[in-house]
Amino acid sequence: MNEKEYEAQLLSTPYPKQDPYGALSMPVYHALAYEFETAEEMEAAFCGRTDEHTYSRITNPTVQHLEERVKNVTGAYGVTALNSGMAAISNTLITLAWSGCNLITSRHLFGNTYSFFVNTLNALGMKVRFCDLTNPKEVAEAMDEQTCGLFLEIITNPQMEVADLAALSKIAHDRGVPLIADTTIIPFPIFRAIDFGVDIEVVASTKYISGGATTLGGLIIDYGRFNQYRTPLLQALKGTSQSPFHTRLRKEVHRNLGAYMTPEVAYQQSLGLETLQLRFERQATACKELAGKLQALPQVKTVNYTGLRDNPFYGISKKQFGNYPGAMLTFDLESREECYRFMNRLKLIRRATNLFDNRSLIIHPASTIFGSFTAVQRESMDVKETTIRLSVGLESVASLFEDICQALA
Ligand SMILES: *Cc1c(COP(=O)(O)O)cnc(C)c1O
């Protein structure tokens, strides 16, 4: 965190304007349109010469306050709040891509991100080049003059693969390519993306930030450091602001796609931000402890958590994320049938998708999140039939372990 600790920094973020009633937390401004004293002021606001609000698809005071808070704690140049993690990813890529470009990424991706790249963007003329992102040489060779970005997830799910971000960002920057990281799995109070050369961070705030699984949301956090964009419409903006990416996103793309966060959601996620670090610490500590206990059970074939010493990514994970790399782990049982039998017997842990809810959640990824992919596609993505994913909530390790043991018995 900057100078002050996360909570102090977050909680002291001022409103852009004083609330007339002195409300202590930012009110929910359910306003759609905003009134002006004069036609001249209206012109200035609509033409971008002042930053008054005009219409809530573009900016809203409550959403802006959430953006300001995130900006304050991350030190970013610009933050944009959208209505889902997928909206953050799609707005980012549509700002960067052009017909004829290519994107370097891995096959280890969140299911809808994968589909967005290979179906939606491919149909508009963007090619996807899949690489093994743990092999920097392969990544370097895949880049060329038409590369619009390098996109990755900091810990892939459910494979739990961790790439060396400093190495990849160096390769990308040497070749004039921005590094875009989906950091949903380790939130910004813990993982300082900018220190590892990430240019644009995308977050599904649906997950850790909303906490109690209240709302969908997404954030685009732009550090404003990268200035070699090859995207024609970004080149045209060069020199007009510190970040052509942020300018195009805010002045064109996000307005046209219309997926801005709504004020009620921003209010709830702003509350989530206040307890984010606290919840992360508790959930990640419990997750690590549970990972160790699961390893000792004979029915559990393997436990995949990058905070375990015998994990192949232990070293790089510790360097990038510290001792507690998140509150999600995967483990393998003997067969798909065993996975189902185990899941059906759980009493405390809930059978549901989503991550980092206050409740612990369990899912069988191959038959659900990746259920619409073919077996061959699943194999190419390293999604196995025997894998179970556990997202650890706020319950105690003792309660969770007891539930797991009784279900395995
Ligand atoms: C959930 C998730 C997303 C998508 O977020 P939504 O809010 O569901 O659109 C993207 N990336 C990762 C890593 C996720 O876990």
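The values are calculated or read from the model by the stated rules, or taken from the named source; none is laboratory data. Owing to the predicted nature of the structure, the values given are computational and were not obtained by experimental measurement. So basically every Cβ, Gly included, is an ideal-geometry build from the backbone, and we count neighbours across all protein chains shown. For the accessible areas, the whole protein counts, side chains as well, though only heavy atoms, and no ligand, DNA or RNA atoms are used. Shrake-Rupley method; radii C 1.70, N 1.55, O 1.52, S 1.80 Å.
Taking the range 115-133 as the range and being open to solvent by less than 60 Å² (accessible area, probe 1.4 Å), out of contact with any helix residue (DSSP H, G or I) (no Cβ under 9 Å at 6 or more places or on another chain) and modelled with pLDDT of 95 or more as the test, the residues that pass are Val118, Gly125. Given the condition without any contact (Cβ under 8 Å) to a residue 60 or more places away in the chain and small (Gly, Ala, Ser), answer yes or no: does some residue in the range 81-96 qualify? Taking every residue of the range 81-96 in turn, none turns out to be without any contact (Cβ under 8 Å) to a residue 60 or more places away in the chain and small (Gly, Ala, Ser). Out of the range 219-264, which residues are among the β-branched types (Val, Ile, Thr) and open to solvent by 20 Å² or more (accessible area, probe 1.4 Å)? Thr240, Thr247, Thr262 - these are the residues of the range 219-264 that are among the β-branched types (Val, Ile, Thr) and open to solvent by 20 Å² or more (accessible area, probe 1.4 Å).
Close Cβ contacts (under 7 Å, 6 or more residues apart or on different chains) running from residues in the range 7-36 that are over 30 Å from Glu281 (Cα atoms) to residues that are part of a loop (DSSP other than H, G, I, E, B) comprise Asp19/Pro27; Tyr29/Asn60; Ala31/Ser56; Leu32/Ser56; Tyr34/Glu52; Tyr34/His53; Tyr34/Thr54. Note on the range 53-152: enclosed strands (runs of 3 or more DSSP E) holding 1 or more residues that are among the aromatic types (Phe, Trp, Tyr) are 127-130. Take the conditions (1) within 16 Å of the ligand (Cβ to nearest atom); (2) in a loop (DSSP other than H, G, I, E, B); Leu348 misses just one of them, which is (1). Consider Phe245 carefully, then state whether it is outside any loop (DSSP other than H, G, I, E, B) and either in contact (Cβ under 8 Å) with a residue 12 or more places away in the chain or within 16 Å of the ligand (Cβ to nearest atom) (or both). Yes, satisfied. In the range 188-212, the qualifying residues are those that are within 11 Å of the ligand (Cβ to nearest atom) and of a type in the set (Gly, Ala, Ser), and the one that is surrounded by the fewest Cβ atoms within 10 Å (Cβ to Cβ) is Ser210.
Summed over the range 337-387, residues that are among the hydrophobic types (A, V, I, L, M, F, W, C), open to solvent by 20 Å² or more (accessible area, probe 1.4 Å), under 21 Å from Ser205 (Cβ atoms) and free of Cβ contacts under 8 Å to residues at least 40 places away in the same chain total 1. Within the range 61-90, the residues that satisfy the criterion of being within 14 Å of the ligand (Cβ to nearest atom) and either within 27 Å of Ser380 (Cα to Cα) or open to solvent by 10 Å² or more (accessible area, probe 1.4 Å) (or both) are Asn83, Ser84, Gly85, Met86, Ala87, Ala88, Ile89, Ser90. For first residues located in the range 39-64 and at positive phi, partners that are of a type outside the set (A, V, I, L, M) and lie 6+ apart or on another chain with Cβ distances below 6 Å do not occur. With respect to Leu168, determine if the residue is out of contact with any Lys or Arg (no Cβ under 9 Å at 6 or more places or on another chain) and open to solvent by 20 Å² or more (accessible area, probe 1.4 Å). When the stated conditions are applied, Leu168 does not pass them.
Specify the residue that is nearest to the ligand (Cβ to nearest atom); the eligible residues are those in the range 153-187 that are assigned to a helix (DSSP H, G or I) and among the charged types (D, E, K, R).
Lys170
I'd like the full set of residues that are open to solvent by less than 10 Å² (accessible area, probe 1.4 Å), outside any loop (DSSP other than H, G, I, E, B) and touching a residue at least 60 places away in the same chain (Cβ under 8 Å), limited to the range 388-407. Listed by number, the residues that qualify are Leu390, Ser391, Leu400, Ile404, Ala407. Any residue in the range 316-328 that is out of contact with any Phe, Trp or Tyr (no Cβ under 6 Å at 6 or more places or on another chain) and over 21 Å from Ala181 (Cβ atoms)? Looking through the range 316-328, none of the residues is out of contact with any Phe, Trp or Tyr (no Cβ under 6 Å at 6 or more places or on another chain) and over 21 Å from Ala181 (Cβ atoms).
Can you confirm whether Leu219 is more than 16 Å from the ligand (Cβ to nearest atom) and either closer than 24 Å to Ala172 by Cα or within 20 Å of the chain's Cα centre (by Cα) (or both)? Answer is no for this residue.
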